[in-house]
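Novice: For reference, the structure I am asking about is given below.
What follows is calculated from the coordinates using simple rules that are stated; it is not laboratory data. This is a predicted model, so every value here is computed, not measured.
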Amino acid sequence: MSLKKKLIVLNTTIMLGLGSAFAIPSVKAESITDIQSQRTGIQSDISEAEQVIQQLKKEQSKMNAQIAQIESAMKENDQKIKDTEQEIKDTEKDIESLKKEIKALEERIAKREEVLKERALSFQESGGDVEYLEVVLGSKSFGEFVNRVGAVATIVEADQQILSEQEADKADLEKKQATVEKKLQSLKDMEVELKGMQSQIEDQKAETVNMKAKIEKKESETEALKQSLENKDAGLEAQIASIRENIKKEEERKASEKADLDRAAEEVNSSNASSEESSSSSSEESSSSSKGEASAKSSSKAESSSNSSKNSSAAKPAASKTETSSKPSSANTGSAITAGYKYIGNSTYKFGGGRTASDIANGLFDCSAFVAWAYKQAGVNLTPSTDALKNAGRQVSDSQKQPGDLVFFNTYKTDGHVGIYVGGGKFIGSQSSTGVAIANMESGYWADVYNGRVVRVN
């Protein structure tokens, strides 16, 4: 093989070696960019999953607090039921005791009646229908007259005393009967109401526990998704590390091959240093021609690169402008509504509460007392009773209800619960499970018991 051919083969080998050395890592670098892009997307999904998990944890914490409140309300209500049942037992004992007193009174009344009958018979036996005056005037002597007057006075006084005692005993008996029967009926009504309320609280607890279970399930699913994404991200990270390691090894191998080729070229040049002048000259011409071609190619590449850069710059789109929008502020729902906001999360339901300064100061309300108190802050006096509040204004249809209207619910009884509509399908009220709170009346428990009664306070 001639020297010229040897040099051509050698140069070709070097160029192929150098091209291979940089082409392969370049391809692998592009793979790393693609994988890194995938990782960016996955990490964004992981971040979103973490945000969802944090939000679910907050909701779960809120549910736990609500369940604790419900259980506290149930415990308190259960104690009230026990106390009421004990009062009913005590009152029934009082009634039994009263029955014995009634029996004794009836016996005394019967004895008095017997005395009066005996006296009437005695008068009849001594002269039939003889009047007291005739008895006195029939005296044969002054001494007898005095004795008869004394006897008649004693009889008359005794009769009047018997009649007076008779009337007093009857009045006392009627009063005791009325008092005890009223107390017993009141206690029985309270027992029914408390048991109905307990059932209502249990329903709310069941709904809250169900919601908590759904949140826990969603949290578990999100955690599993996050773990899956993290595993995928770790796999891609390992893949990038593997590619980089392969690139490093490939570069080291190609560098070694290039060094071998350089040494081989030097050896060829050294061994042919004493070649013929004509061959050397021919070689130089060939080399000069090669350099010219290489220079022309280099110039062409630079020009092409410059044009490409210009085109790329011209192709960049202009940045789009971001439009801004403003949110309308929420409408004022009235002082009767906003007055109760300070008690949200800071109050406890109390049966019969909200009617004293102490209860109000400590946020202890039942539903009707809270509504009455809230409207009092707006300058309107209402009676703290659901029955009274039904007639506190004019009734309007459910489709016409507005913030500030009273809304009623069939809980343990018809219209057993009342609240103030705040708009958006929600109302504020003192609920047995939460105290003062805003609740949704379009879904869940309150939607089921809402009866459609709406009262607009005049």
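Novice: What ³J(HN,Hα) values, in whole Hz, does the Karplus curve 6.51 cos²θ - 1.76 cosθ + 1.60 give for the stretch 340-352 when θ = phi - 60°, with x put for Gly and Pro?
Specialist: x, 4, 5, 8, 5, x, 9, 8, 9, 6, 9, 4, x
Novice: Sticking with this structure for a sec: Check Gly345: other-chain or 5+ apart residues with amide H under 5 Å from its amide H, H built from backbone geometry?
Specialist: So Gly345 has HN proximity to Val436.
Novice: What ³J(HN,Hα) values, in whole Hz, does the Karplus curve 6.51 cos²θ - 1.76 cosθ + 1.60 give for the stretch 217-230 when θ = phi - 60°, with x put for Gly and Pro?
Specialist: Ordered by residue, 3J(HN,Hα) equals 5, 5, 5, 4, 5, 5, 4, 5, 5, 4, 4, 5, 5, 5 Hz.
Novice: Taking H placed 1.01 Å from N in the peptide plane, check which residues at least 5 places from Met441 or on another chain put their amide H under 5 Å from its amide H.
Specialist: Lys426, Phe427
Novice: With a ≥ b ≥ c the root eigenvalues of the C-alpha gyration tensor of the stretch 370-458, is it rounded (a/c under 1.5), prolate (a/b larger than b/c) or oblate?
Specialist: rounded
Novice: Tell me whether the stretch 330-395 comes out rounded, prolate or oblate; compute the Cα gyration tensor, take square roots of the eigenvalues as a ≥ b ≥ c, and use a/c under 1.5 as the rounded threshold.
Specialist: It is oblate, given that a/c is not under 1.5 and a/b is not larger than b/c.
Novice: Let me ask something additional. What residues have an amide H closer than 5 Å to that of Asp405, excluding those fewer than 5 places away on the same chain, when H is modeled at 1.01 Å from N in the peptide plane?
Specialist: Amide H neighbours of Asp405: Tyr421.
Novice: Can you list the HN-Hα couplings for the stretch 434-440, worked out from phi with the Karplus curve (6.51, -1.76, 1.60; θ = phi - 60°), rounded to whole Hz and with x for Gly and Pro?
Specialist: In residue order, the calculated couplings are 10, x, 5, 7, 9, 10, 8 Hz.
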